[in-house]
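Remarks on the structure that follows.
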Amino acid sequence: EAACAAAENAVPFDRASLSRLRATGEPTWDVWQRAGFVRLLRSGENAVPVFEALDHEQVLVRLLPEWEHVRSLPQRNAYHHYTVDRHLLEAVAQCARLLDAGDMQLAPGREPDVEMVVARACRRPELLLLSALLHDLAKGRPGDHSEVGEQTAEQVVRRMGFDSEAREIVPWLVRNHLLMA
């Protein structure tokens, strides 16, 4: 809730709040914690500094242990501008922006653009956001990062307690993430 409030209001965490979050226990991933995590992802670019603050205090690794491997991991090709961890957060922000485009009201006589059509067709936006966060989580591990990432994503959605549809869709999106754009 604190992370969501910070992102939704575009305000930073103060040190005392972050320290208290660091002292909290392991997530239980009940329906409320899953919803809060998705709500944070849905906050888009305002969530980036919040995730970075959580990461700085080791809270993000408690929520997503696989994050430890990609923290500050450099990319190996010129296409990417960010480290892997920041690239994942930027991908989530882009997906949130796309979903925001689907929520926009059209002026009379204006046709929807491609982004609006795609966003409005997304039946489970939380799965798109989660897939964006996980899509390169296996970078730097042995094997094809898309294949290893699919297995990793399956473990993550199971641990977080997502339904059977999510357990099919998220790993598939991670495996096929090069087609997501």
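Coordinate-derived values only; no laboratory data. Quantities reported herein were computed from a predicted structural model and do not represent experimental measurements. All Cβ positions, glycine included, derive from the backbone under ideal geometry; neighbour counts span all protein chains shown.
Observations on the structure shown:
- Contour excess over end-to-end distance, with Cα ends at Arg15 and Arg120 and 0.36 nm allotted per residue: 33.9 nm
- Cα-based shape type of region 1-70, given that a ≥ b ≥ c are square roots of the gyration tensor eigenvalues and the cut on a/c is 1.5: rounded
- Compared with the direct C-alpha span, the chain from Glu168 to Glu90 gains 25.7 nm at full extension, assuming 0.36 nm per residue.
- Where only C-alpha atoms are counted, convex hull volume of region 88-181 per residue in Å³: 90 Å³
- Whole-number percent relative contact order across region 33-181, with pairs defined as alpha carbons under 8 Å at least 6 apart: 21 percent
- Spin-label pair Val48/Tyr82, simplified geometry with 7 Å Cα→Cβ offset, distance in nm: 0.5 nm
- Scanning the chain for long hydrophobic helices, with DSSP H runs required to stretch 27 angstrom or more by C-alpha along their axis and to average at least -0.5 on the Kyte-Doolittle scale, returns 84-103.
- Magnitude of the charge dipole, region 46-98, Cβ model with Lys/Arg +1 and Asp/Glu -1, debye to 20: 160 debye
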